[in-house]
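Asker: I have a structure here, written as structure tokens, and I will follow up with some questions on it.
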Amino acid sequence: MKRLLPSLPLSVAVFVLWLLLVADFGIGQMLLALVLAVALPLAASLLGPEPARFGRARVALRLLPVVLWDMVLSNIEVARRILGPEKALKPAFLWLPLDITSIHGITALASIITLTPGTLSAELTEDRRHLLVHCFNLDDPERQVATIKARYEAPLKEIFP
Amino acid sequence: MSAIAAWVVVALVVVGAFFVFVGSFGLAKLSEFLKRLHGPTKSSTLGVGCILIASIVHHALLDQGLGLRELLITVFLFITAPISAHLMAKAAMAADPVLRPKPPAGRGGASEPAPERDRGT
Amino acid sequence: MIHSVVVAALGVVGVAMLLCLWRLLRGPTVADRILALDTLYINTIAMLMLFGMYLRSAIFFEVALIIAMLGFVGTVVLCKYLIRGDIVE
């Protein structure tokens, strides 16, 4: 079972995405989607990725609305700053110390940081302990770090233990 | 019902076009690469997302079926936009080492201002 | 009403694309040009979807999807080239 289906979430994702893509829920496309759902994860496992381990997936449902809402806020904030005077901007780098160790968790965290208020992940150190974050407008580095850690990293640590 | 849907389409198109414009305006206006990177990666993605959802509602309104496929582009863009932003930041720092800040000294949290450089607008 | 709003939005997105083009020609660094190209293809998707609404046809979905995929791959390849100085690793 483990050899035939390396990752069940990946197979389900391929199945659903294929059906949405062809927009045809007939039996033929279902069969084709099933074949792809088995074949593509097998082909992908040849590349030797680190397998993802999922912890409490329910936390994701709680995290998703928070991220979506922050994304809207971040866009209004960035739009206001872009249209405002450029002199008022104080861009700065900061190194975010990471507690999360799973590479998938770090990827998710980096993506969320880029999509949310005025921050942009720029680089991960070799030892995966620090993430370089560029802030559009940085007033208080300590608070920014604390916000990111509490708001996004803590839930992600539960999802990717 | 369809009147409300029409208003939703109009609102989404207006908001989407506004954000797409702000993203590109930031790209043209701001004076430094890392500042410019913030505009397009956030605003344009949300703007395109709004327009794609407007397109879904519009086609549903015209009785052309519920095109959930536009949703795929939205999801694809929201997954890829941070990745390309991350890579572009890395590329900029690789091409121009002055932009790269010092590596973290012990426990991070400390910051330093980004090098302010005037290289045309 | 939808029709006129879509036409106006097409104009706004067109201006946005011109701003990207200006940045693409202006530079000054290679990373700026990559960013301009990236923004340009995202704006193209917006414009195509608006054009699809204008013509009341869903035919532009495939075009937009392919532009999204190729645009992303193009950005990644250009950035990798800048980071490593080599396309094929």
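Asker: Out of all the residues in the stretch A:126-156, which are among the hydroxyl-bearing types (Ser, Thr, Tyr) and touching a residue at least 24 places away in the same chain (Cβ under 8 Å)? Full working, then the answer.
Answerer: Here is the first cut: in the stretch A:126-156, the residues among the hydroxyl-bearing types (Ser, Thr, Tyr) are A:147, A:152.
The one that is among the hydroxyl-bearing types (Ser, Thr, Tyr) and touching a residue at least 24 places away in the same chain (Cβ under 8 Å): A:TYR152.
Asker: Follow-up. So, C:MET49, is that one in a helix (DSSP H, G or I), over 16 Å from the mean Cα position of the chain (by Cα), within 19 Å of B:GLU70 (Cα to Cα) and within 7 Å of chain B (Cβ to nearest Cβ) or not?
Answerer: Values: in a helix (DSSP H, G or I): yes; over 16 Å from the mean Cα position of the chain (by Cα): no; within 19 Å of B:GLU70 (Cα to Cα): yes; within 7 Å of chain B (Cβ to nearest Cβ): yes.
No, not satisfied.
Asker: Right, here's the next one. On the given criteria, is A:SER45 surrounded by fewer than 20 Cβ atoms within 10 Å (Cβ to Cβ), in contact with a Pro (Cβ under 7 Å, 6 or more places away or on another chain) and small (Gly, Ala, Ser)?
Answerer: Details: surrounded by fewer than 20 Cβ atoms within 10 Å (Cβ to Cβ): yes; in contact with a Pro (Cβ under 7 Å, 6 or more places away or on another chain): yes; small (Gly, Ala, Ser): yes.
So A:SER45 passes the test.
Asker: Continuing with the same structure: Please enumerate the residues belonging to the stretch C:22-41 that are of a type in the set (A, V, I, L, M) and exposed (fewer than 14 other Cβ atoms within 10 Å of the Cβ). Talk me through it step by step, then tell me what you get.
Answerer: Filtering the stretch C:22-41 for residues of a type in the set (A, V, I, L, M) gives C:24-25, C:30-31, C:34-37, C:40.
Correct list: C:LEU25 only.
Asker: Out of (1) crowded, with 19+ Cβ neighbours inside 10 Å; (2) at the interface with chain B (Cβ under 8 Å from one of its Cβ atoms), the odd one out for C:THR44 is which?
Answerer: Failed condition: (2).
Asker: Restricting to the stretch C:26-46, give me the number of residues that are free of Cβ contacts under 8 Å to residues at least 40 places away in the same chain and in a helix (DSSP H, G or I). Reasoning before the result, please.
Answerer: First, pick out the residues of the stretch C:26-46 that are free of Cβ contacts under 8 Å to residues at least 40 places away in the same chain: C:26-29, C:32-33, C:35-36, C:38-46.
Filter again for in a helix (DSSP H, G or I), leaving C:26, C:32-33, C:35-36, C:38-46.
The number of residues fulfilling the criteria is 14.
Asker: Related question: Restricting attention to the stretch C:47-61, report how many residues are modelled with pLDDT under 85, open to solvent by 60 Å² or more (accessible area, probe 1.4 Å) and closer than 18 Å to B:CYS50 by Cα.
Answerer: 1
Asker: Identify the residue in the stretch A:103-130 that is farther than 27 Å from A:ARG81 by Cβ and over 12 Å from the mean Cα position of the chain (by Cα) and, among all such residues, is surrounded by the most Cβ atoms within 10 Å (Cβ to Cβ).
Answerer: Across the stretch A:103-130, the extreme among qualifying residues is A:ARG129.
Asker: Just to be sure before I move on: is A:ILE100 crowded, with 17+ Cβ neighbours inside 10 Å, assigned by TED's automatic domain parsing to the domain that holds A:MET71 and part of a loop (DSSP other than H, G, I, E, B) in the structure I sent? Talk me through it step by step, then tell me what you get.
Answerer: Working: crowded, with 17+ Cβ neighbours inside 10 Å: yes; assigned by TED's automatic domain parsing to the domain that holds A:MET71: yes; part of a loop (DSSP other than H, G, I, E, B): yes.
Spelling it out, A:ILE100 is indeed crowded, with 17+ Cβ neighbours inside 10 Å, assigned by TED's automatic domain parsing to the domain that holds A:MET71 and part of a loop (DSSP other than H, G, I, E, B).
Asker: Suppose the filter is basic (Lys, Arg), free of Cβ contacts under 8 Å to residues at least 60 places away in the same chain and more than 8 Å from chain C (Cβ to nearest Cβ); does B:LYS42 pass it? Outline the logic, then answer.
Answerer: Details: basic (Lys, Arg): yes; free of Cβ contacts under 8 Å to residues at least 60 places away in the same chain: yes; more than 8 Å from chain C (Cβ to nearest Cβ): yes.
So B:LYS42 passes the test.
Asker: Something else: Go through (1) touching a residue at least 24 places away in the same chain (Cβ under 8 Å); (2) surrounded by fewer than 24 Cβ atoms within 10 Å (Cβ to Cβ); (3) under 28 Å from B:ARG100 (Cβ atoms) and name the single condition B:ALA28 misses.
Answerer: (1)
The values are calculated or read from the model by the stated rules, or taken from the named source; none is laboratory data. Predicted, not measured: the structure shown is a model, and the values here were computed from it. Here Cβ is always computed from backbone atoms with ideal geometry, including for glycine, and neighbour counts include all displayed protein chains. Calculation scope for accessible area: heavy atoms of the full protein, side chains included, ligands and nucleic acids excluded. Shrake-Rupley method; radii C 1.70, N 1.55, O 1.52, S 1.80 Å.
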